[in-house]
Each structure stands twice: as structure tokens, then as C-alpha cells.
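A quick write-up on the structure given underneath.
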DNA sequence: CGCAATCTTGCACAGCGGGCAAGATCGGCA
DNA sequence: TGCCGATCTTGCCCGCTGTGCAAGATTGCG
């Protein structure tokens, strides 16, 4: 069902991919679709949501002895490890779609916000901080996702991009170390 | 019109504030509303969008001699300077609404994304980097907004919060300096 | 087999977004 | 002042969407 939604939306554009078409392609009724998803956008974002939430999950599984940012980097790269070689073309297509179509962008950002929230929780556990009290875990989670988003976007929009794993690693290193003005010496 | 949308949505909830009601309260037709906004969410977020874009605008106006993060901090705090005393209650209400109502959250995040994009542009100008080529300006813009969002959220959800300007300043200082593990010594 | 819980479907309806064309309003210009 | 073009507003209309409701199908367990 998710696959049908993504495929049709990519093929003919989001506007021209009627829910009716999607449900027909998936062999379910219009009504069933609504039982599972709040709308077209949610269906298209569903796969990405799973991947994103996995990051927090993986981080939780890392040994406590591992340095925080090493563990974070490992977790942030984990979605790409699942892909045998270059990232799942269906996933990249959905990202491209969600970041380019205004009607989907909101849902895309929402999924990242959900994942970010969960990541902050795990970071808090690891660092002995509390999400409700300290800024730290939320700042870490927010900057991590910011780095991932920026790296992903660069990877998607550059002609001959470096491997996405390297871009993410690079971005994470920068935000972890701070971002002093490069033009000031 | 924007005011009417926010007021009604806050009073009776987003669901129960029909566009028809909003347009009636604003003295315009249903159709005119659609000419200006793509939907209820966009109307409610409009004010926040203006404030958010102002940050990039203000940063552009800062002297080039000012250290980057000082200028950024000044710009990030500028929306609050407009408010005579404590932040505009209408604005805070709209933020509360947008962050709590799932149907508005996407639009809220979109506005921040737009502002972030513009901020990245200005940061690039200032630091001699290029948005298309370097990760740096986008990482800065993204982390700045992350800091602002986290600080704002804490301010909104804490019982007796510190002044929001202080929270933002604090968050910005942390992300600018990097985020090493506080539990590791 | 039988029953209960869950999932799926069809129906119906209000709300929404937007194309279109007619009318109103406003600005400049002679 | 009076005219005209540009912009803004409105009403009409239609297809798409989301959801409450109730009936029917399916599944799993005893």
C-alpha cells in the first residue's frame, strides 16, 4: 500500500495520484486506506518514518562504554547499512518527492520531529540528563537531525555527490565540534 | 484575517473553527481567504513566518566586523525585542497551538524551514562560503534554528521559565561551542 | 465447531481547495 | 473631471478528501 502510494506519486505527481488510484493499485478500499493513514502525505512518509525512528532504536542498543558521538554516528548511519549497496532507490525517490512537493514537506518534517524526540530521550538516558530539565539532550538530537538533513539534501542535489555515509559523518563531526566562523582567523 | 484565524482556532480549537467562521469574522468571502492562504494552517502560521524570516533580515543588516555568532545571537533575539515586555501573547498562543495540534505542526515546521533557508544564505554571504557547495552555512542555519526551537519549547512548557531571551542565548552558546558528552570526564 | 475480537468495506456527508468569470475598487493619465 | 487598465474581491461550481457509522468478512482461540 505504501509502495503503491510512493510509486504512483512519483510517476504522475502527487496531485494526479488520486487516493482512489492508490487504493485500486493496492487492492483495498478507499475506506481502509483512511483507517491506516491520515492522508496521502502520511502514507508516502511512512517508510521514512520507520527508518528515522530506527536511529534512536539503534542508539539505545549501543554499549554504554562507547563514546557518545561515536555511538550517535553509528546510529545515524544505520539506515544506510540496511541497504546492500547504494541507498534504496524507492526511498531516495520518496525523499526527493517530499522535499520538493510543498504539500508533502510538512509531513516529512513531522516525521523527523518525531524521530528527533525519540532520539533526545535516548541521549538523555545515556548522558544522565533529563529531557524536561536540560537543554542538552534536545540540542544534541536537534543538531544531529539537522546534520543528517543537510547531508542528505546535499547528497540529493549534487551532481556527483560523495557517498552519503561520508557526508553524514562529516556533518556530524562538524556539529559535534562546534561551528566557529571559518572566515575569522 | 490572520488575527481572526488565530483567535478562533485558539478559542474553539482548530477543528471547530471553520474557514467559513473565520472569513465571516474577518469580513471577507470564503473565496478571498483561499486567494491568500493555501489553508487554515497557512493562515495561522503566517505571523510566525514573518517573525522567523526577520531573523535572516536582521542578520544581513549587522556590520561585517561583528563576530559571526554575536551577530547571529543578536538576530535570533530580534523578534523578541519588538515585543515591548513579555512576548506577544497572541504569538505565544499561536505557537502553542501549532506545536500541539498535529494538523498544524507540519506548517509550523515548514515556516522554520523557509526561514532557515534564508538564514543559510546570509550566513554564506558573511563567511565566504556557498550554500550549494559547503555544508557549513546550512549546518549553522539548521543548528541555530534547532537551538531556537528547543529554547522556545522549553520556555513554553516549563512552569516558571527563565526569560526566553536567556534560554535562546544559552542554547546558541552551546551549539556554537559544540556538544561534547557531559557525562564523560 | 462456535464465538469474540479485529479488520475491511460501503455509504453518506460536510469541509476544503481551486478554476473560472463577473463585478468592484483603485491607480494613473489626459 | 472622466476614462481605462490593472488588481482585488466575490459567487458559483465541482471533484477530492477525511471520517462517523453500521454491516459484513476474517482471524484466532478455546
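Projecting 7 Å from Cα along the Cα-to-Cβ direction, the label point of residue B:158 sits 3.9 nm from its equivalents in the other copies, listed shortest first.
Here the ratio of the Cα radius of gyration of region B:9-89 to 2.2 N^0.38 Å is 1.50.
Sort B:166-176, A:127-137 for me by packing, meaning the mean count of neighbouring Cβ atoms within 10 Å per residue, highest on top.
Details: B:166-176: 19.6, A:127-137: 16.8.
Ranking, from highest mean packing down: B:166-176, A:127-137.
Per the Kirkwood treatment, what hydrodynamic radius in Å, one decimal, follows for region A:111-151 from the mean inverse distance over all distinct Cα pairs? For region A:111-151, inverting the mean 1/r across all distinct Cα pairs yields 10.0 Å.
Hey, what angle do you get for helix B:40-61 against the long axis of chain B, alpha-carbon based, 0 to 90 degrees rounded to 10? Orientation of helix B:40-61: about 30 degrees from the principal axis.
Sorted shortest first, the distances from the residue B:96 label point to those of the same residue in the other copies are 4.4 nm; each point sits 7 Å from Cα along Cα-to-Cβ.
Return the distance in nm (one decimal) between the two label points of a simple spin-label model at residue A:173 and residue B:158, each offset 7 Å from Cα along Cα→Cβ. Distance between the two pseudo-spin positions: 3.5 nm.
Ranked by how many other Cβ atoms sit within 10 Å of their own Cβ, fewest first, the residues A:121, A:20, B:149, A:57 fall in the order A:20, A:57, A:121, B:149. Descending by average beta-carbon neighbour count within 10 Å, the peptides A:106-116, B:27-37, B:2-12 line up as A:106-116, B:2-12, B:27-37, the highest first.
Would you tell me the mean number of C-beta atoms belonging to other protein chains that fall within 10 Å of each C-beta in B:170-177, as a whole number? Taking the mean over all residues of the peptide, I get 4. Counting Cβ atoms of other protein chains within 10 Å of each residue's Cβ and taking the mean over peptide B:106-117 gives 4. Counting every alpha-carbon pair across region B:103-185, the share separated by more than 22 Å comes to 37%. The angle separating the long axis of helix B:102-127 from the principal Cα axis of greatest extent in chain B is about 40 degrees.
Given the -39500 (n - 2.57) contribution per DSSP H run of 4+ residues, what per-residue ellipticity at 222 nm results for the protein assembly as shown, rounded to the nearest 500 deg cm²/dmol?
Values: 18 runs with 274 residues, N = 370.
Roughly -24500 deg cm²/dmol at 222 nm, from the helical runs in the protein assembly as shown.
Placing a label point 7 Å from the Cα of residue B:80 along the Cα-to-Cβ direction, the distances to the matching points in the other copies come to 3.7 nm, shortest first.
Taking 0.36 nm per residue of separation and subtracting the Cα-Cα distance, what length does fully extending residue B:7 through residue B:28 add? Display every interim value, and only then the final one.
Details: separation 21, 0.36 × 21 = 7.56 nm, distance 1.60 nm.
Going from the current span to full extension adds 6.0 nm.
Our compactness index for chain A, the C-alpha radius of gyration over the empirical 2.2 N^0.38 Å, is 1.13.
Would you please give the FRET efficiency between residue A:64 and residue B:65, computed as 1/(1 + (r/R0)^6) with r the Cβ-Cβ distance and R0 = 41 Å, to the nearest 0.05?
Working: r = 46 Å, r/R0 = 1.13.
For R0 = 41 Å, the calculated efficiency reads 0.35.
The equivalent ellipsoid of region B:26-69 has semi-axes of 35, 9, 7 Å, largest first, where each one is the square root of 5 times an eigenvalue of the Cα gyration tensor. Cα extents for the protein assembly as shown along the principal axes, largest to smallest and rounded to whole angstrom: 57, 56, 39. Treating each Cα of region A:61-144 as one equal point scatterer and applying the Debye formula with no solvent, the log10 of I(q)/I(0) at q = 0.14, 0.16, 0.26 Å⁻¹ comes out as -0.61, -0.76, -1.21. Within 10 Å of the Cβ of each residue in B:129-142, the mean number of Cβ atoms contributed by other protein chains is 5. Measure nothing fancy, just the Cα-based angle from helix B:2-12's long axis to the longest principal axis of chain B, in degrees from 0 to 90, nearest 10. For helix B:2-12, the angle is close to 70 degrees.
Among A:155, B:145, sorting on how many other beta-carbon atoms sit within 10 Å of each Cβ, with the fewest leading, yields A:155, B:145.
Read the figures in this text as sums done on the coordinates, not as results from a lab. Since the model is a prediction, treat every value here as computed from it, not as a measurement. Reconstructed Cβ throughout: ideal geometry from the backbone, glycine too, with neighbour counts over all protein chains shown.
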